[in-house]
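Notes for the one structure printed next.
The values are calculated or read from the model by the stated rules, or taken from the named source; none is laboratory data. As the structure is a prediction and not an experimental result, all values here were calculated from the model. Cβ placement follows ideal geometry from the backbone for every residue including glycine, while neighbour counts extend to all protein chains displayed.
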Amino acid sequence: MFNIFLVILIPLIIYFINSLIIRKKFIPNFSGNIHQRFLNNKNVPLSGGIFLSVVLIYIFFNDPTFLKVTIFLIFLIGFFSDINFLTSVKWRFLFQSLTIFFFIYFSDNIVQSIRIDFLDVYLQNFWISLLFTSFCLMILINGTNFIDGLNGLIISYFSIILYILFILGWTELFFPSNLNYVILLLTVVTLILLNFSNKLYMGDSGSYVIGFLMGYILIVIYTKFPLISPYFVALLLWYPAFEILFSIVRKLKTKKSPIEPDNSHLHHLLFFFIEKKFSFKKNTCNNVTSIFIITYNFIIFNISLIDIYFTYYHVFLILLNVSIYLLIYLKLLKYKKLKS
């Protein structure tokens with residue numbers, strides 16, 4: 001009974017602690033990166049990652065120690081970035097790489113098949129599979145950070161994936177206790193509401209932890225259910241993964257550093273278009289842009305459920321998403337150049 005009462009209080013606890021952080025200015029509102037300050041509201045702390053990480057460590061308390069340690073280390077890398085203690089992108093990337101590599105090594109959850117025969121031969125080698133899995137998880141973690149910048153975007157995207165896993169009955173693999181699932185659900189809903197109302201940002205710590213958790217959960221699911229299409233898993237993660245890969249190519253083409261953040265991502269261009277086209281306030285433009293992207297992915301993910309085993313179907317959906325992304329991106333980029 002006490003536990004249920006405590007769970008009900010979670011939204012209030014997060015709200016009051018976050019209000020205290022705002023009043024006392026314990027945590028800065030942005031790390032200084034250009035993609036985090038295009039709204040530049042100096043009263044919003046980067047506290048979302050703190051709340052999420054504490055709850056996740058509690059939920060996975062009875063799981064292997066290396067999982068809790070990894071969540072904490074990933075959070076710590078992001079938190080040090082948020083407070084401007086770890087400003088070097090290269091050092092953050094190095095610390096992430098080492099943390100993820102050792103996590104995959106000790107967890108023994110590695111991807112050994114992507115249903116491309118000549119590549120699957122190499123993936124049967126443990127070390128190649130280990131490096132490939134670590135690379136994919138690194139892409140996801142940093143891609144999740146790349147799509148951060150809009151209220152509610154990354155936490156809502158993560159929530160859609162949880163919803164899809166719930167529909168498929170797979171959430172019980174990670175949340176055997178209904179109480180733990182309710183705790184996570186209440187935490188996520190609270191963070192979404194606070195994020196949309198501009199009371200907190202997830203920060204690098206939040207985006208890193210969310211990216212890691214999404215990747216970990218989906219890798220475990222694929223290793224336990226190898227008959228599902230690996231491209232169904234890839235489809236659920238297509239947006240953050242493609243965002244970073246496209247950004248790298250885009251920056252290399254313009255001779256910029258591929259690992260430095262900027263404000264030329266799809267969500268930035270869409271934000272600019274909505275702001276200019278409808279003359280909404282900045283915060284409204286922010287929320288509308290985020291809801292548009294979230295709604296699109298929600299629809300696509302539900303369409304993907306028609307057949308989670310048919311590889312060609314999911315490859316088609318991924319290519320469709322990429323084509324739509326590129327078409328909209330080029331249109332919005334042209335619009336921005338005309339209006340700037």
What single numbered condition from (1) assigned to a helix (DSSP H, G or I); (2) out of contact with any Asp or Glu (no Cβ under 7 Å at 6 or more places or on another chain); (3) farther than 14 Å from Tyr222 by Cβ; (4) at pLDDT below 90 fails to hold for Ser81? (2)
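Criterion first (in contact with a helix residue (DSSP H, G or I) (Cβ under 6 Å, 6 or more places away or on another chain), surrounded by 17 or more Cβ atoms within 10 Å (Cβ to Cβ) and among the aromatic types (Phe, Trp, Tyr)) does Phe106 satisfy it? Write out each step before concluding.
Working: in contact with a helix residue (DSSP H, G or I) (Cβ under 6 Å, 6 or more places away or on another chain): yes; surrounded by 17 or more Cβ atoms within 10 Å (Cβ to Cβ): no; among the aromatic types (Phe, Trp, Tyr): yes.
When the stated conditions are applied, Phe106 does not pass them.
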Among the candidates Phe61, Phe38, Phe30, residue that is aromatic (Phe, Trp, Tyr), closer than 28 Å to Asn180 by Cβ, in a loop (DSSP other than H, G, I, E, B) and modelled with pLDDT under 80: Phe61
For residues that are assigned to a helix (DSSP H, G or I) and of a type in the set (Ser, Thr, Tyr), scanning just the range 86-141, find the one that is modelled with the lowest pLDDT. Ser107
Taking the range 306-340 and the residues there that are farther than 16 Å from Tyr296 by Cβ and of a type in the set (Phe, Trp, Tyr), the one that is surrounded by the most Cβ atoms within 10 Å (Cβ to Cβ) would be Tyr313
Per the list (1) in contact with a helix residue (DSSP H, G or I) (Cβ under 6 Å, 6 or more places away or on another chain); (2) under 17 Å from Pro240 (Cβ atoms); (3) free of Cβ contacts under 8 Å to residues at least 40 places away in the same chain, residue check on Leu86 breaks on (2)
